[in-house]
Each structure stands twice: as structure tokens, then as C-alpha cells.
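What follows is a single structure, written as C-alpha cells, with notes after it.
The values are calculated or read from the model by the stated rules, or taken from the named source; none is laboratory data. This is a predicted model, so every value here is computed, not measured. All Cβ positions, even for glycine, are placed from backbone atoms using ideal geometry, and neighbour counts span all protein chains on display. To get the accessible areas, we keep the full protein, side chains included, count just its heavy atoms, and leave off ligands, DNA and RNA. Shrake-Rupley method; radii C 1.70, N 1.55, O 1.52, S 1.80 Å.
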Amino acid sequence: MAKLKRLFAGALALCMAGSVMTACGDSDDDDSSAASTDSAATEDGGTDDGEDVSNITGDSTSKYVIYVWNTEFKERFETYYWDNRDTDLWDGVEVEWVTNTNDDNYYQTKLDEALATQVDDDMKIDMFLVEADYALKYVNSDAALDVRNDIGLTDEDMANQYSYTQDVMTDSDGVLKGVSWQATPGLFLYNANYAEQVLGTSDPDEVQEYVKDWDTFTETAALFAEQGIAMVSGYDDTYRCFSNNVSSPWVDDDGNITIDPQISAWVEQTKSYTDAGYNNGTSLWDDAWVAGQKIDGGVFGYFFSTWGIPFTLLPNTLETSTDDGGEEAEGNGGYGLWRACTGPQEYFWGGTWICGCATSDNVEITKDIMYKMTCDTEIMKSITETEQDYTNNKAAIQELIDDGYSNAFLGGQDHLSLLTEAAENVDLSNKLSAYDQGCNEQFQSAMKDYFEGNSTYEEALETFKTNISSVYSTLNTDTITAE
């Protein structure tokens, strides 16, 4: 810690966008999470200029600064942590949220700038969040605290967490650098109406037989195509099934970029599906991709991990109307008409990890947040019940299953049992690199011209080489071949 403080001392503090609002009130008013100041936010939680600052304020003398890329953790923090916090630790401390969009590595860029300019003032970072696609960049640096030895969480505290969620954040010396409140195994979410129309059943066990492996999945896609229904929406829908089952990372220890056979298999399948009309030629997150999630959207299914239901599929598929009293009525459109099954192969997608910053002066607060938000079984149960988030706590999930959990959006289905089986089988050994976000984004983007018939595969690879070199100039692209 002292070494890092000396390293950062003397540098200029990063200039943050947004203003700090401090509420007036009694210092012992611990029940007030008070006001929040947000600039005009974009869809992903950033602002028009890519950054916002929002606060939970009290009668404060110092700040607890958290770097994030959207509002997900902030919402979880305010709803599930704040009323359960150790109020003594928070006496005289306010929370300040710094939000930068995750697109095009922007969040990493702003975080790196801030980490490089830490000084002894109130704007030093105390906590920052990372995703799996670039977690190793921070795990293998001095930026994050040792969860066990520096922060103080014990193996007993973390005993209910899925092992892969710790593997992601463990460095080469076995030091754990971050923890998560969620696990993100994936499933195949499908339109029950279309299943009945084409397959004659919407029962998850029976539908699973039609999508149990990729050969069967493709045969089933042909059945849907005959009735004008796309098996998946577009180019990117099956990507994570392949990319998170690779046998080697995008970048090896010598900085060489290689294309794993699983990535090549995705290219081959997606080109085949596009040419055969088994997808609608959309790209992830675009308007046409979203439109397919309406119950009459012409798409049979989507691959989503645990966050996909509450954050994407549910809001995109749910059509609302007003009842006679003018109140919005839930349950129209696609609500209750989606189901889940395992799909052709197990995978995970995404996930968010909490890191304590090495220069923080508020490590006890970090420990309190980490324990309450990732180890407390009752809080974990509450998050899953209320938010449909699959929390990183085996005991919490099992209690919900034993109590007869059902998901109304999925027609009363217990999808937690499917997710539990998938989560236990997630294996991340030798699969991650610090460059995964850029490689995944640039490769998918470059292949779009090939899928649409505007370039050859070889030309698309050259585009990828050019674009990835602009993102990571030190990596070697000579190992990329069109095999």
C-alpha cells in the first residue's frame, strides 16, 4: 500500500465531470441515503459526454469514490446494501459514483487515467468494477487489493460463492483481487408461442431435445425457417456459446493473437445461418435485434445469461397498455410467454466484479460492502427474488429452489435449477486474457461484412488485424491466419 501511495504521490488528480452535492442534515441521520445528482444519462448509464457523477450524501467530511460503467451496481447498492450498512463506518463519509460508458474501452481508459493520478485527496478511487472480458488486466496489476489479506474477507465468508467467479479474479500467485454478487451462466430463452406453432410443444424438457446440440439446433432452425421464423436474431446471438468455450485465450503470454477453433466454428455457423435465412441479419443491441424479442417478432430464441431476463428480454418483450382507470397494466405482450432450456452447450456471458482500490483510505467500508453484497445469504436471496438476478451464493439459490421458486415472466418456470447446473460447470482455465473485450468486439464487427457478402473471410480477417492493432498496438497479429 505504501509503495503504491509513493508511486501515485505528486501526480495531478484527474478532473471529474459533474458537481458534488452535499446534503445538509444531522450527522447521525443514518437512515437517509439522501440525494443523487445525475447528468443526462445515456442508455448504458453514461452521460452525453460519457461521464456522470452521482452521490448518496450525508453530512460528510470525505468521499467514498466508486467507478462504474452503468447504474446496475448503484441500484443494487442503494436498494440492498445501504439500509444494511455498518453506519459507524459511514459516519462523515459520502458516496460518489463516477460513470463512464463501457463502449470501445472508454471505461478502462478513464479508470486507468484515474488510477495513474491518485493523490491524497477526497477524489481517490476506493472501489472500481470490472468485467470478465478485461478483468485480468487489473487482477495482474497492483491496482486492486488482496481480498483476503488486505480487505479481510475469509474463505469461510466466501464459501457459498461459485468457484469460477473467484477464478476470474485470482492472479498467477493465487491472490484474489475481487468478488461478485452475481454468477452469469447462460441459457437458451425461447418464444413459447412459436415453440407450440412449429414443434407442437413449449415444455422446456421437450424443447431441449430440439436444441440439445448444434447439429440438432441447425435441423430445428430449418423447421422454423419453413414457417418464416428465424431461429436466432442475428450474427452475434450464438457468439458467447462459442467464445466462452474456447480452449485457449485470444492473446498468449507472448502477446500473440490467435483465433481459437471455437471462434472459427462461430464464423462458419453464422455464415451458414445467414445464407440459409436462419437469422434475420441483425447485430447485437440494434433496433431490429430488439424488435425480434416482441412475442410476434419473428425470432424463436435468444441466448442470454442471467442478466438477460431482467435487463434485456423482459423490458424488450413486454408490451404494456392502460386499464380503464388509466393505470399501466403488466402482463400483456410477451410477459409469461417465454421459457428457458439449457441449449446446445453450456456457457457463461458477462458478470461484474467488485475491486477495492489499492490507494483507498476506506478499506473497512470496502470490506463491509463486499461482505454484505457478495456473502450475506439473506441479501443474496432478496436480490434474486426481487431482481431476477442469479446471485453468487449457492445457499441462497438452493433455499429459493427448495421453497418452490417460480418465474412469472417464464410462465412460472423454475429456471434457477437450470442455471445452478450450468454455473457448476463453468470452467475458465486458460480461457481469459486482458484483451478480450477489444478482441471480441473488433472480431464480431469485422466479420459482419463477410456475413453480409460484402467481403471474403480473408478480407474480413485483414480488417480485424487493422482494427485490433489500433486498439492494442503492442500485440502481434502475424499469428492470425485464415484456416
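At 1.4 Å probe radius, can you tell me the per residue accessible area of segment 158-222 in Å²?
Details: 2300 Å² over 65 residues.
Using a 1.4 Å probe on heavy atoms only, each residue of segment 158-222 averages 35 Å².
Dipole of segment 113-230 (Lys/Arg Cβ +1, Asp/Glu Cβ -1, origin at the Cα centre): which of Gln227, Tyr164, Val198 lies farthest to the positive side?
About the Cα centre, the residue reaching furthest to the positive side is Gln227.
Take every Cα-Cα pair in segment 159-214 and report what % of them are more than 12 Å apart.
Working: 1129 of 1540 pairs.
In whole percent, the share of Cα-Cα pairs in segment 159-214 beyond 12 Å is 73.
Give me the one-decimal Kirkwood hydrodynamic radius in Å for segment 157-300, with the sum taken over alpha-carbon pairs.
Its Kirkwood hydrodynamic radius stands at 17.6 Å.
Got a number for carbon plus sulfur as a percent of segment 87-244's accessible area, 1.4 Å probe? Could you put the intermediate results ahead of the total?
On the way: 2140 of 5470 Å².
Here it works out to 39 percent.
Please list the radius of gyration and Dmax for segment 92-201, considering alpha-carbon atoms only, with Å as the unit.
Values for segment 92-201 (Cα only, Rg and Dmax): 19.2, 66 Å.
How many angstrom separate the Cα center of segment 353-380 from the Cα center of segment 404-450?
Segment 353-380 and segment 404-450 have Cα centres spaced 25 Å from each other.
What does the accessible area per residue of segment 309-450 come to in Å², with a 1.4 Å probe and no ligands, DNA or RNA counted?
Details: 5220 Å² over 142 residues.
Per residue, segment 309-450 has 37 Å² of solvent-accessible surface.
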